[in-house]
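Participant: I am attaching a structure below and will ask some questions about it afterwards.
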Amino acid sequence: MKTILFLLFCTVLGVVGCENQSDSKTETWWINSAKIDCVGVGPMSCLQIQRGSEIDPEGWEFFYSDIQGFDYEPGNIYQIKLKITDKEAPIPADASSQNYELVEILSKEQDPALRLTNIWKVTKVGGLENPTGFKNKEALTFEFDASKKTYVGNMGCNSIRGAIKENDGEKLVLGPGAATMMACPDMAPEQAISEALINTHGYKLENNQLYLLNEAGETLMTFQAVD
């Protein structure tokens, strides 16, 4: 009788072990180089993740939870292996139903796209050197934010704000942007800057200088880093 009870006990333990094992799975994720403002239970910063063997520039999605054992450092793109386990009930209404635990960091590389992030002073565009604002006569500056994929700048007469559509560290495509509508006696800097932004297809960085390039690799506009 004792032998039978012992065998039954072992069988139950085996079933429970199998059930617990079936409740967990292992996945491979990419983690983007910057967190993004998001709204979960309240305003927060979210990791950007995606699954798959290769990164899709348009495939990032918000991740609202934490990964146990993962020491995230901004500026790096990670590929990680993690274990996902279902939580036991009861689960709070505002909590994830799963636990996420780091198994292994498969790769960690600096994101070259983030080099664009800075405040830049326009030093040359369309044959004009060191153009200044029409009213204040101060240097024209642009701020590029590779994490948020935005840019904002002063074109001399009007300001402009737009989206960075593509940026991989070399290729760069900018959205047309929204500009103020003021008219000034001298619109030459603004026209040159607008044309340069529209025709930008790439960029390079050398000695704290940023060069926006056209499709043929020719320089359209040159900037100097402000900070």
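Each reported figure results from applying straightforward, stated rules to the coordinates on display, with no laboratory input. Everything quoted here is computed from the prediction, not taken from an experiment. In this analysis, Cβ positions are derived from the backbone assuming ideal geometry, glycine residues included, and neighbour counts consider all displayed protein chains.
Participant: Answer with a single label: of (1) 25.9, 103; (2) 16.3, 46; (3) 19.4, 64, which was calculated as Rg and Dmax of the Cα atoms in Å from the structure in view?
Facilitator: Correct label, based on the coordinates given: (1).
Participant: Moving on. Using label points projected 7 Å from each Cα along Cα→Cβ, tell me how many nm separate GLU104 and GLN224, to one decimal.
Facilitator: In this crude spin-label approximation the distance works out to 5.0 nm.
Participant: Given the -39500 (n - 2.57) contribution per DSSP H run of 4+ residues, what per-residue ellipticity at 222 nm results for the chain, rounded to the nearest 500 deg cm²/dmol?
Facilitator: -5000 deg cm²/dmol
Participant: What three numbers, in Å, describe the spread of the alpha carbons of segment 25-110 along their principal axes, ordered from the longest?
Facilitator: The principal-axis extents, from largest down, are 39, 29, 22 Å.
Participant: Ok, one more. Taking the beta-carbon count within 10 Å as an exposure proxy, list TRP60, TRP29 from fewest neighbours to most.
Facilitator: TRP60, TRP29
Participant: Moving on. Could you give the dipole magnitude of the chain about its Cα centre, charging the beta-carbon of Lys and Arg +1 and that of Asp and Glu -1, in debye to the nearest 20?
Facilitator: It works out to roughly 180 debye.
Participant: Okay, next question. Quick one: length gained pulling THR85 to THR117 fully straight, 0.36 nm per residue minus the C-alpha distance?
Facilitator: In short, 7.8 nm is gained.
Participant: Give me the net charge for the shell around PHE223: Cβ to Cβ below 11 angstrom, other residues only, Lys and Arg +1, Asp and Glu -1.
Facilitator: After counting each charged neighbour, the total is +1.
Participant: Rounded to the nearest Å, what's the spacing between the alpha carbon centres of segment 130-148 and segment 153-186? Just the number, please.
Facilitator: With segment 130-148 and segment 153-186 each reduced to a Cα centre, they are spaced 10 Å.
Participant: Provide CYS38, CYS46 in ascending order of the number of other Cβ atoms located within 10 Å of each residue's Cβ, fewest first.
Facilitator: Taking fewest neighbouring Cβ atoms as first place, the list is CYS38, CYS46.
Participant: If I stretch the segment between THR180 and ASN136 completely, what's the gain in nm (0.36 nm per residue apart, minus their alpha carbon distance), one decimal?
Facilitator: 14.2 nm
Participant: Roughly what angle does helix 188-199 make with the longest principal axis of the chain, taking Cα atoms, 0 to 90 degrees, to the nearest 10?
Facilitator: Between the helix axis and the principal axis of the chain, the angle is about 40 degrees.
Participant: Which value results when the Cα radius of gyration for segment 114-225 is divided by 2.2 N^0.38 Å?
Facilitator: Relative to the 2.2 N^0.38 Å estimate, segment 114-225 comes out at 0.97.
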